[in-house]
Amino acid sequence: MGGMHKAPAVQIAIGPSRTACIGIVAIAVGTFAIILTLPIIPLAHAACFIALAVWAVHRILAVALRRGSRAVREIKLEGDRSLVIVHASGAASSGCLRESSHVGPDVTTMVWRAKGRWRSRWTLILPDMLPADDFRRLRLLMRHGRSDDEAKPPASHT
């Protein structure tokens, strides 16, 4: 009797996200509103505003618009949780999906570690970044894929 078949790989291209852009702007505006309530000098308020604006522009470019050399543009995820990430610069990184990844109906975060690196990276994936079928297939493989060295069956088989 043969073992379980390996799930087919999922290869997706990630596009820009209006939802991510709105969320980043909301976080920046909310943070600045809180800073305005602090009893600090106006120069400190101005410095905080500039810092938040720079942060928001950087995050909008990298996360929401997928621009910048380190922005993730493509993901290929295998059934054994190995993956290849292609950045906007064209550089590719191979690695493995980490257990701290989150799969939800509206927000999915891929936490992954490139081979030879000691630090993990994350990639935010929202439903408006890719076609609905690709989003569903990616979430299924993230939730139920497993590496060969895992001894226990996936959660759906317990």
### Message
Going by what's in this entry, would L83 be described as without any contact (Cβ under 8 Å) to a residue 40 or more places away in the chain and closer than 20 Å to L140 by Cβ?
### Response
yes
### Message
Here's a check for you: in region 45-69, which residue that is of a type outside the set (V, I, T) and exposed (fewer than 12 other Cβ atoms within 10 Å of the Cβ) is nearest to G145 (Cα to Cα)?
### Response
S69
### Task
Could you identify the single residue in G79, G95 that is touching a Gly at 6+ places or on another chain (Cβ under 7 Å) and farther than 21 Å from L126 by Cβ?
G79
### Query
Of these, A33, A62, which one is modelled with pLDDT of 95 or more and either charged (D, E, K, R) or part of a helix (DSSP H, G or I) (or both)?
A33
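Table: residues versus (1) at pLDDT 95 or above; (2) among the basic types (K, R).
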| residue | (1), (2) |
| --- | --- |
| R67 | no, yes |
| A71 | no, no |
| V84 | yes, no |
| A88 | no, no |
| G104 | no, no |
| T108 | yes, no |
### Message
Every residue in region 97-113 that is surrounded by 17 or more Cβ atoms within 10 Å (Cβ to Cβ) and among the hydrophobic types (A, V, I, L, M, F, W, C), please.
### Response
L97, M110, W112
### Query
Within region 6-28, is there a residue that is at pLDDT below 95, loosely packed, with under 14 Cβ neighbours inside 10 Å and not charged (D, E, K, R)?
yes
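The values are calculated or read from the model by the stated rules, or taken from the named source; none is laboratory data. Predicted, not measured: the structure shown is a model, and the values here were computed from it. Heads up, the Cβs are rebuilt from the backbone with ideal geometry, glycines too, and the neighbour counts pull from every protein chain shown.
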